[in-house]
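The values are calculated or read from the model by the stated rules, or taken from the named source; none is laboratory data. What you see is a predicted model, and the numbers here were worked out from it, not measured in a lab. Virtual Cβ from ideal backbone geometry, glycine too; neighbours counted across all protein chains shown.
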Amino acid sequence: MSGAWEVALAELQARLPAGRLLAGDGDALEPYGLDESDLGCFPPGAVVRAENEEDVRIVLEVASRHRVPVVPVGARSGKSGGSLAIQGGIALSTERMNRILEVSGEDLVARVEPGVILATLQAEVEKHGLFYPPDPNSLETCTIGGNVAENAGGPRALKYGVTREYVLGLRAVLPTGEVIRTGHRSIKGVAGYDLTALLVGSEGTLAIVTEVMVKLLPRPRHVATALVAFADVDAAARAVSRVLAQGVIPRCLELMDDVSLAAIARTSPGRFPAGAGALLLVETDGNDEEQVFDEIVRVADLVAADARGEVLVARDEAQRREIWEVRRYLSVNLKAIHPLKLSEDVAVPRSKIPEMVARAKAIGAGLGLAVATYGHAGDGNLHCNVLFDTAAERPRVDQAVAAILRAAVELGGTITGEHGVGLAKRDFLELEQGKELVALQRRLKAVFDPLGILNPGKIFPPA
Ligand SMILES: Cc1cc2nc3c(=O)[nH]c(=O)nc-3n(C[C@H](O)[C@H](O)[C@H](O)COP(=O)(O)OP(=O)(O)OC[C@H]3O[C@@H](n4cnc5c(N)ncnc54)[C@H](O)[C@@H]3O)c2cc1C
C-alpha cells in the first residue's frame, strides 16, 4: 500500500467519529466489492459508512488531497458494476444515511437521505395519501441515492416516467469536498443550467448525493390488472401499438416472449391457451373505480383481435397479486431451466420491438444459446436474457451480448434503458454516442472531478 493511502486512512481515522471507518478486515470489506452485475468481486481498501453530509465531505476532502479513489455505494443492487471499487480506494456507503427528513402534503414533496430504501419511502408517502411512482423491481432493496445515480425506472414508467422526472433538487458533495445544492422546491424553475438533471443518471461519477428532494403525486386509489396471451411477439407488439395509438396510456404494459412463457409454464402449467407465444400484463389506474375498470375493458377490446383466448382481468387484490407473480418469478423460473443467465436491458423505439426480439433470438440461435426477452413493452425497454449452463459458454455469451447491444443501436435505441453503463457497458458507449459526445462527457467529468478520484473507470472506457 502506498504512503499516501496510509496517511489518508490515518487522517480519516482521526477526523471521522468512531465506528464510521472499516479497514484492514477483509471479511468485512468483501461484501462491498460485489453487486448484482456478475462482473466479479472488487473489494475496496476501506469502507466509510457515512452518517451525515459532513462525513461525506471529510472523506472527499481527504481523498482529494491524497488522490485516493472514492466509490459511492448504495444497496449494491446495481446491474452494471457501478459500485465496484475496480481501482481500490474507499467505498463510501450511504446505508446509515437512511432518514426520511420530510413529507409535505401541501407542497407535494419529500426530502430524504440517499440511503433510504425505495419501498420504505413509498410506504411512508402512501400513509399520507401520496404517491412516488418510480418502481424498479428491486424496490425492496435499492436506495433512493442509487435510483438517482442510475435514473432508475420500472414498469410504471410508461405512464409516470422515470426517477429524473421526480427529482426537484439535490444536495451533493463534489470530489473536491465542496457542498452544492441544486434545484428548487417549487415545481417550476429555470434558473441556470439544469445540474439536477445532469447529476441524475451520472452513476456516482460527478458527485455524491447527500439529500434528495422528490416530487410526489396524489395516490391513485384504484388499479386494474389484466393478462393477455398472444400467438407470438408480433401480435403482442401490434396490440401495444393499437392501445397507445387510441390515446390509452396504461400504467404498465409488460411483455413476455415465448421462451419466458415456457419458463412460466413450468410453475403454472395449463394457465395459458394452447399455442400462446407471448403475454402482455396490462395495468390501469386512477381515482374513479368505474373509470379505471372501463379503461382496462377498453384495452381488452383493443387487443382482442390479436389475442389468443380470453383476456384475464383480475377481480380482486388476490388475483392481481397472482398475475404479478407470473412476471416477478420469471427470472427465478428462467434460472431453474438454465442456471446461468446474463440480462441485458436495451431499449428500442416501440415500432422496433418485434424486430429487436427476433434479432436477439436469431443472435442467440446463431451461437447455440437461448434468449428469453421480457420487459416494459410500453416504453420499448426490453430485458434480453442470454441463458446458459456452464462457465465454459461465457465467451459465446459475451459475443451474443455484444451483438444484441449493436442491434439495439442499429434499431435507433440504446444499450441501456435503466441499468446504466457502469463497468459492464463502458466499451459500448462510443458505439451508441460517437467519439465527440463521449469526449465532451469526459471533459464534463473533468470539470466536476479534476483529479479523477470519484468512481474512476466507470461509464467511459480507459483513455
Ligand atoms: C432483482 C433486480 C431487479 C431490478 N430491477 C430494476 C428495474 O426494474 N429498473 C431499474 O432501473 N433498475 C433495476 N435494477 C437495478 C438496480 O436495482 C438499480 O440500478 C438501483 O437504482 C441501484 O440502487 P442501489 O441503491 O442498489 O445502488 P448501488 O448498486 O449501490 O449503486 C449504483 C450506482 O449508484 C451510485 N450511487 C449510489 N449511491 C449514490 C449516491 N448517494 N450518490 C452518488 N452515486 C451513488 C454508485 O456509485 C453506482 O454507480 C434491478 C436490480 C435487481 C437486482
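General observations
- Evaluation of Pro31 against (1) within 12 Å of the ligand (Cβ to nearest atom); (2) outside any helix (DSSP H, G or I); (3) within 24 Å of Glu140 (Cα to Cα) (one fails), failing number: (2)
- Pair list, Cβ < 8 Å and 6+ apart or interchain, from the stretch 412-424 residues that are more than 9 Å from the ligand (Cβ to nearest atom) to residues that are acidic (Asp, Glu): Thr414/Glu432; Ile415/Glu432; Thr416/Asp345; Val421/Glu203
- Arg251 being of a type outside the set (A, V, I, L, M) and more than 16 Å from the ligand (Cβ to nearest atom): no
- Total residues in the stretch 445-463, condition among the aliphatic types (A, V, I, L, M) and surrounded by 15 or more Cβ atoms within 10 Å (Cβ to Cβ): 4
- Residue satisfying all of: in the stretch 284-304; of a type in the set (A, V, I, L, M, F, W, C) and free of Cβ contacts under 8 Å to residues at least 60 places away in the same chain; surrounded by the most Cβ atoms within 10 Å (Cβ to Cβ) among these: Val297
- In the stretch 337-361, residue modelled with the lowest pLDDT [restricted to those that are farther than 14 Å from Asp38 by Cα and charged (D, E, K, R)]: Arg350
- Candidates Glu61, Glu53, filtered to the one that is over 30 Å from Val346 (Cα atoms), within 11 Å of the ligand (Cβ to nearest atom) and modelled with pLDDT of 95 or more: Glu53
- Qualifying residue in the stretch 426-444 (condition: buried (at least 21 other Cβ atoms within 10 Å of the Cβ) and not β-branched (Val, Ile, Thr)): no
- Taking the stretch 177-200 as the range and being crowded, with 18+ Cβ neighbours inside 10 Å and within 29 Å of Cys252 (Cβ to Cβ) as the test, the residues that pass are Gly183, Thr196, Leu199, Val200.
- Candidates Val240, Val209 - the one that is within 13 Å of the ligand (Cβ to nearest atom), hydrophobic (A, V, I, L, M, F, W, C) and either assigned to a helix (DSSP H, G or I) or under 22 Å from Lys79 (Cα atoms) (or both): Val209
- If you filter the stretch 150-159 down to residues that are out of contact with any strand residue (DSSP E or B) (no Cβ under 7 Å at 6 or more places or on another chain) and assigned to a helix (DSSP H, G or I), you find that the one that is modelled with the lowest pLDDT is Lys159.
- Ala360 touching a strand residue (DSSP E or B) at 6+ places or on another chain (Cβ under 9 Å) and either farther than 17 Å from Ala235 by Cα or in a strand (DSSP E or B) (or both): yes
- Pairs with Cβ under 7 Å, 6+ apart, first in the stretch 107-121 and more than 9 Å from the ligand (Cβ to nearest atom), second small (Gly, Ala, Ser) and in a strand (DSSP E or B): Leu121/Ala110
- Per-region count, the stretch 376-415, residues farther than 21 Å from Pro136 by Cα and polar (S, T, N, Q): 2
- Residue within the stretch 189-197 that is in contact (Cβ under 8 Å) with a residue 60 or more places away in the chain and either within 15 Å of the ligand (Cβ to nearest atom) or under 25 Å from the mean Cα position of the chain (by Cα) (or both) present: no
- Scanning the stretch 72-98 for residues that are of a type in the set (Gly, Ala, Ser) and either more than 6 Å from the ligand (Cβ to nearest atom) or assigned by TED's automatic domain parsing to the domain that holds Gly201 (or both), we see that the one that is farthest from Leu454 (Cα to Cα) is Ser80.
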